Structures are given as structure tokens and as C-alpha cells.
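Below is one structure, written out as C-alpha cells, with a few remarks after it.
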Ligand SMILES: Cc1cc2nc3c(=O)[nH]c(=O)nc-3n(C[C@H](O)[C@H](O)[C@H](O)COP(=O)(O)OP(=O)(O)OC[C@H]3O[C@@H](n4cnc5c(N)ncnc54)[C@H](O)[C@@H]3O)c2cc1C
């Protein structure tokens with residue numbers, strides 16, 4: 001169970017006039033059979049809330065060395081990896097048996113293991129603008145879409161907005177549209193007031209969208225061009241004896257399937273399992289080496305599992321900004337059943 005998690009029970013797709021084009025979710029599926037509550041469901045949870053709860057499992061925030069920027073590392077000089085960090089402007093050194101790069105889409109660890117030029121950032125020519133709106137700022141606006149358990153999206157074949165409960169007190173929206181990468185970078189650099197104005201300009205659509213956009217505090221609006229990278233294969237890691245990747249460092253993907261953080265967490269679980277299996281005796285893994293004892297199996301599983309999500313997320317960047325999004329089919333928007 002997750003504190004502050006919200007379970008949505010209804011998902012709706014509208015056209016810009018607010019006509020319902022498709023609907024699915026627990027509320028629909030359970031009509032007439034209220035006892036059939038599914039055991040598994042999606043949970044919406046604010047990033048910082050999830051992060052805090054994971055940190056508690058670690059034993060508290062003091063278990064993490066904050067403010068350390070990894071600058072470089074060397075896994076060839078000895079049987080330990082030598083790491084160099086920048087801490088408050090000063091270089092600091094550390095040693096480790098294994099480096100796990102969880103350092104995101106612009107990963108320094110990936111740069112060192114694989115090289116940025118091998119799989120550079122790949123633009124999807126798409127822009128995402130995000131906002132969080134406290135329900136208290138909506139005055140006496142009434143909408144059944146704001147019942148705290150409904151996710152809805154509205155689209156016109158180019159622009160698309162997706163709204164979901166952020167927590168019990170706020171909604172989060174994600175506007176996305178096709179935009180050339182240079183233009184998207186320029187818009188992003190203009191800052192939150194310009195991003196909010198762009199969202200309002202693009203979406204004079206059905207209620208409660210304009211009201212929510214107008215009420216969203218500009219400081220809670222942000223926006224980014226969308227990127228991913230070409231898929232990695234196990235061979236990309238072959239020369240890395242004591243370093244690997246998890247999360248966006250390994251498989252950055254567009255946000256349109258909501259899978260990036262989910263895959264990152266599954267990566268961590270998978271790697272932890274392989275370490276438990278492969279390192280039961282220090283003699284064994286020191287003799288075999290971590291690559292053979294742990295990393296090959298982990299990376300093969302991680303790359304295969306996440307590849308489907310990377311490809312599905314890239315396809316979603318296309319079809320969610322096309323007429324496909326408005327197809328009157330009562331199920332999640334996807335390209336193939338595997339997505
Ligand atoms: C708009 C948007 C919506 C999304 N929605 C969803 C969703 O609904 N569901 C979902 O599952 N995913 C979603 N994602 C994807 C998700 O945010 C990412 O996949 C996830 O955050 C990846 O986690 P990560 O730990 O690999 O990388 P990050 O979250 O990027 O974390 C990397 C960390 O490494 C640190 N770092 C970077 N470089 C260094 C360095 N040199 N030294 C030390 N530290 C460093 C950074 O400061 C950061 O803290 C969304 C993404 C976006 C952009």
C-alpha cells in the first residue's frame with residue numbers, strides 16, 4: 001500500500017466539445033457485478049511522495065549522500081571502481097564494487113559505458129506542458145470529471161490534454177502536441193508564464209479544461225521537448241565489467257504510456273534479485289566477476305522487458321497526436337495488444 005496514492009476507477013476520452021468518445025476502467029467493467037473488485041489496479045502518486053516512501057524503506061534520508069555529482073569513474077584500474085564526484089565545487093573520491101547508473105536520460109554512467117554518440121538523444125518532435133492545479137483554486141466549479149477518481153483526456157488530433165488526480169487535493173494535467181524540436185526548446189526556455197499562456201491559447205475546449213488551466217499557478221507549470229534513445233542491446237554493456245544502468249539511463253522513453261518510472265522500479269527489483277542470486281558467496285562472484293555472476297542476466301531481462309515499453313511509448317507520441325486517439329473504442333489508446 002502507498003500513502004497518498006489515488007486509485008482511478010474511470011477513464012474517459014472526449015472530443016473538444018466534451019462529447020464522450022470512449023470510456024473504460026473499473027467503474028465500467030464492474031457495472032452490475034460490484035463484488036468483482038480486481039486485486040490489482042493502477043495507483044496515481046505524486047513523485048515526491050513515492051520518493052519519500054522509498055527513502056523510508058532505505059532507512060531514512062541520511063542513508064543517501066546528497067549533493068554528489070558524479071563526474072567520471074574508472075572500472076579498469078583495480079578490482080574496485082574509482083569514482084570522482086563534485087561536492088560543493090570540490091572533487092571527492094570513492095570506491096565501489098559495482099556502479100549502478102540511475103542518473104536519468106542524460107546519464108554520465110551511460111556516457112562512460114556506451115558513449116553518447118552511439119545512441120544520442122532522439123527527438124520525437126513533440127512538446128509536453130505540465131501543470132498542477134489545487135482544487136481549492138477552482139471556486140465553486142462543479143464537474144463530475146473532478147470526482148478524485150476519474151482520468152480524462154481530450155484531443156483534436158494534434159493537441160491532447162490528459163488530466164488525472166494528483167492527490168486528494170489537486171489535479172495534474174499534461175498537455176502535449178507535435179512541435180519541431182528547435183521550436184519546443186525555445187518555448188521551454190521562455191518559462192512557466194509563457195507555457196501557461198500557450199496551454200490556454202491552444203485549449204479553449206470543454207469545461208473544466210479552460211477553468212483548470214486558468215486557475216493553475218504559473219509556478220506549477222513546466223514544459224519540455226520529448227526525447228528517447230535507440231534501444232540498447234546486451235553487447236553495448238559487454239566491456240563494462242563493474243557498471244550497469246537502470247531506469248532512464250538505460251531506456252529513456254516518452255511519457256505517453258506512463259511507464260518510465262514503473263520500468264525503473266522493476267529494473268531495481270530485477271537487479272537486486274540477480275545480486276542476491278549471484279553474490280551469495282564472495283569467492284564465487286569475485287572469481288567469476290560481476291558481469292558473469294550478475295550483470296549479463298540482469299541486463300538481458302531488463303532490456304527485453306523495457307524495449308516493448310520504449311517502442312510503445314514512441315508509437316504513442318505519434319498516435320495520441322493523430323485522429324487515432326479519438327477512435328470510439330472503450331479501451332486504453334494503444335497501437336497493439338503488446339503495448
Ligand atoms: C512529463 C512526464 C510524465 C511522466 N509520467 C510518468 C508516469 O505517469 N509514470 C511513469 O512510470 N513514468 C512517468 N514518467 C517517466 C519518469 O519520470 C522517468 O522514467 C523516471 O523519473 C526515471 O527515473 P530515473 O531514476 O531513471 O531517472 P530520473 O528520475 O531522471 O533521476 C535521475 C537522478 O539522477 C540525478 N543525476 C543526474 N546526473 C547525475 C550525476 N552526474 N551525478 C549524480 N546524480 C545525477 C538527477 O539529479 C536525478 O535525481 C514521466 C516523465 C515525464 C517527463
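This table checks each residue for (1) closer than 25 Å to residue 311 by Cα; (2) under 21 Å from the mean Cα position of the chain (by Cα); (3) in the same structural domain as residue 21 (by TED's automatic domain parsing).
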site	(1), (2), (3)
137	no, no, yes
153	yes, yes, yes
182	yes, no, yes
196	no, no, yes
199	no, no, yes
208	no, no, yes
212	no, no, yes
From the set of residues in region 213-225 that are crowded, with 16+ Cβ neighbours inside 10 Å and touching a helix residue (DSSP H, G or I) at 6+ places or on another chain (Cβ under 6 Å), which is farthest from residue 315 (Cα to Cα)? 215
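Take the residues in region 196-212 that are touching a residue at least 24 places away in the same chain (Cβ under 8 Å) and not in a helix (DSSP H, G or I), then tell me which one is surrounded by the fewest Cβ atoms within 10 Å (Cβ to Cβ).
207
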In region 279-290, residues that are in a helix (DSSP H, G or I) and surrounded by fewer than 20 Cβ atoms within 10 Å (Cβ to Cβ) total 7
Being within 27 Å of residue 261 (Cβ to Cβ), over 24 Å from the mean Cα position of the chain (by Cα) and at pLDDT below 95 is the filter here, so list the residues in region 59-106 that pass it. 59, 62, 63
What are the pairs, 6+ residues apart or on separate chains, where a residue within region 100-114 that is in contact (Cβ under 8 Å) with a residue 40 or more places away in the chain has its Cβ under 6 Å from a residue that is surrounded by fewer than 17 Cβ atoms within 10 Å (Cβ to Cβ) and part of a helix (DSSP H, G or I)? none
Note down all Cβ pairs under 6 Å where the first residue falls in region 39-52 and is more than 19 Å from residue 169 (Cα to Cα) and free of Cβ contacts under 8 Å to residues at least 40 places away in the same chain, the second is in a loop (DSSP other than H, G, I, E, B) and near the ligand (Cβ under 10 Å from one of its atoms), and they're at least six residues apart or on different chains. none
Please determine whether any residue of region 56-75 is within 26 Å of residue 239 (Cβ to Cβ), more than 14 Å from the ligand (Cβ to nearest atom) and in contact (Cβ under 8 Å) with a residue 60 or more places away in the chain. yes
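The values are calculated or read from the model by the stated rules, or taken from the named source; none is laboratory data. It should be emphasised that the depicted structure is a prediction, and the values quoted were computed from it without experimental measurement. Here the Cβ is made from the backbone with ideal geometry for all residues, glycine too, and neighbour counts use every protein chain on show.
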